[in-house]
Amino acid sequence: MATKKFKCKVCGYVHEGDKAPEKCPICQAPASEFEEIVEGGAAPKKKGMDTNSNTYTILYAVIMVVVVAFFLAFVNSSLKATQDENVRKDTKKQILSSLGVEIKDATADYKTYVVKDILIDPATGMETSVVEDAAFATNYDNEAKAGKYHVFVCNIDGATKYVIPVNGAGLWGAIWGYVALNEDKQTVFGTYFSHASETPGLGAEIATPLFQDAFMGKQVLNGEEVALSVVKFGTVSDANTQVDGISGGTITSNGVDAMLKTCLKNYTKFLTNKE
Amino acid sequence: MSQLFSKKNREVFSSPISMNNPVTVQVLGICSALAVTAKLEPAIVMGLSVTVITAFSNVVISLLRKTVPNRIRIIVQLVVVAALVTIVSEILKAFAYDVSVQLSVYVGLIITNCILMGRLEAFAMSNGPWESFLDGIGNGLGYAKILVIVAFFRELLGSGTLLNFRIIPQSFYDMGYMNNGLMLMPPMALIIVACIIWFQRSRNKDLQEK
């Protein structure tokens, strides 16, 4: 390696010597246009692989997708158990929120307040079976579609309360909630509403106590009809059953109204059965 | 060690927070600035998550930058960002469930945030991992800063609260003061951002176009 090789970038002429020639003998380019050619085992300055070739691009894409897919699958499966536990805990917390109890540990408090989780038959309103805690469901929309109508029988300071899950659609996505009723199965004891993606400051206000507390003491049924409803803000005509909607969140408010009507309809037999 | 915090690196970190702010100067990430700024709290959470994701995707892309085939580089960047966002949201769901519930849709919005793609393409593809990390943090904070300012005004004037604490006293309402419902509508975010840009440009002659 006594001599170095220099290549003219303009015409490709290769010069051998200690340093680049002052002028290229072929095209007269100055010394700055020459670059040294490094040979042998040492890694060349230029990229070893042609990263623009089709093969490389396709291989790169395939490997990347496979690696990322495996990685995500691994993360998902390793965290699944913890996540499901969180969802169960959160659902219990939501049920308890509708009862207005102070929650410290959702799992323990759920055991304290909720006596049993029962399924009812919408045709007769009778209890058909009791759901064990191990089979605690979290998606009551699917449960209702599968014909399982849950009622949570609770006990707050000696008084029996019934909590009914409700599901519906807001403006952007799902909305859901829990309606707690007094022992008379007619007066609202408390509610809890939440949403997947309603507009903050507008539709999302259904998740605030201000909106939820307005339901307290309202009557659910009028005869066989679900009378509990959400109306346009400022147009409440029957203070016993109607609640003000959210101004600016009309579609979400209507969603809550429709959700209460459709879901509670399945429970009318249960609610009128006062034994 | 001193090299890690050289003048150039400090510049990389601080310029996006002020003089080269991604939102007000480069006008990137406006869409999410509209969506999450009706309240202060989601704005803060969104700002922080974007900061974290920008920093880490910048590092990953910077490490990969010499191997990425030029023709599919945008897709590679998108995959890295989407994978990172998914992992972060999975981890949040498992270990900080309340936060993940609060973030809900915003996590998805991060993937499409133009600031991320902009920084990956403009900076991480041609700089080392450490510089890219600083650049990511700087841009994320620059974005968060604007979000917080916009959300501050929108929540204060639109709902009379800050972080859900009532700021404007009840006596004001009794005297006839009303919350400005318009402030909660997305267009107002644009107007506030525009006011910030106006303010910034009038103070900095460099930013004014001839």
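List of remarks:
- Only one of B:Ala96, B:Ala122 that is out of contact with any strand residue (DSSP E or B) (no Cβ under 6 Å at 6 or more places or on another chain) and within 24 Å of B:Asn9 (Cβ to Cβ): B:Ala122
- Lone unmet requirement of (1) at pLDDT 85 or above; (2) in a loop (DSSP other than H, G, I, E, B); (3) polar (S, T, N, Q) for B:Asn179: (1)
- Among the residues examined, A:Ala258 does not qualify as surrounded by fewer than 22 Cβ atoms within 10 Å (Cβ to Cβ), within 14 Å of chain B (Cβ to nearest Cβ) and within 28 Å of A:Ala137 (Cα to Cα).
- Residue ID - farthest from the other protein chains (Cβ to nearest Cβ), chosen from residues in the range B:63-105 that are within 14 Å of B:Ser49 (Cβ to Cβ) and in a loop (DSSP other than H, G, I, E, B): B:Ala96
- Of the residues making up the range A:56-111, those that are in contact (Cβ under 8 Å) with a residue 24 or more places away in the chain and among the small types (Gly, Ala, Ser) number 3.
- Summed over the range B:173-210, the residues that are of a type in the set (Phe, Trp, Tyr) and surrounded by 12 or more Cβ atoms within 10 Å (Cβ to Cβ) give a count of 2.
- Residues in the range A:194-236 that are more than 11 Å from chain B (Cβ to nearest Cβ) and among the charged types (D, E, K, R): A:Asp213, A:Lys218, A:Glu224, A:Glu225, A:Lys232.
- Taken over the range A:70-82, the criterion of being farther than 19 Å from B:Ala82 by Cβ and facing chain B (nearest Cβ under 7 Å) is satisfied by A:Thr82 alone.
- Of all the numbered requirements in (1) over 23 Å from A:Asp257 (Cα atoms); (2) in the same structural domain as A:Thr262 (by TED's automatic domain parsing), A:Asp84 misses one, and that requirement is (2).
- Within the range A:20-52, tally of residues that are surrounded by fewer than 12 Cβ atoms within 10 Å (Cβ to Cβ), charged (D, E, K, R) and modelled with pLDDT of 75 or more: 1
- Some residue of the range B:2-15 being part of a helix (DSSP H, G or I), among the polar types (S, T, N, Q) and within 30 Å of B:Val99 (Cα to Cα): yes
- Filter result (touching a helix residue (DSSP H, G or I) at 6+ places or on another chain (Cβ under 7 Å) and closer than 13 Å to B:Ala33 by Cβ) within the range B:153-200: B:Phe153, B:Arg154, B:Pro186, B:Met188, B:Ala189, B:Leu190, B:Ile192, B:Val193, B:Ile196
- Scoring B:Ala124 on the criteria (1) surrounded by fewer than 21 Cβ atoms within 10 Å (Cβ to Cβ); (2) touching a Lys or Arg at 6+ places or on another chain (Cβ under 9 Å); (3) of a type in the set (A, V, I, L, M, F, W, C); (4) over 30 Å from A:Glu198 (Cα atoms) leaves a single failure, condition (1).
- Restricting A:Ile246, A:Ile164 to those that are within 14 Å of another protein chain (Cβ to nearest Cβ) and more than 19 Å from the chain's Cα centre (by Cα) reduces the list to A:Ile246.
- Among the residues of the range B:134-176, just one is in a helix (DSSP H, G or I), within 14 Å of chain A (Cβ to nearest Cβ), free of Cβ contacts under 8 Å to residues at least 40 places away in the same chain and polar (S, T, N, Q), namely B:Gln170.
- Test for B:Thr51: is it surrounded by 18 or more Cβ atoms within 10 Å (Cβ to Cβ), away from chain A (no Cβ under 13 Å) and either part of a loop (DSSP other than H, G, I, E, B) or out of contact with any His (no Cβ under 6 Å at 6 or more places or on another chain) (or both): yes
- Selection status of A:Thr187, of a type in the set (Ser, Thr, Tyr), out of contact with any Leu (no Cβ under 6 Å at 6 or more places or on another chain) and closer than 20 Å to A:Gly100 by Cβ: yes
- If you filter the range A:86-113 down to residues that are crowded, with 20+ Cβ neighbours inside 10 Å and of a type in the set (A, V, I, L, M, F, W, C), you find that the one that is nearest to A:Ala180 (Cα to Cα) is A:Leu99.
The values are calculated or read from the model by the stated rules, or taken from the named source; none is laboratory data. Values in this document were obtained by computation on a predicted structure and should not be read as measured data. Counting neighbours? That spans all protein chains shown, and the Cβs are built from the backbone with ideal geometry, glycine included.
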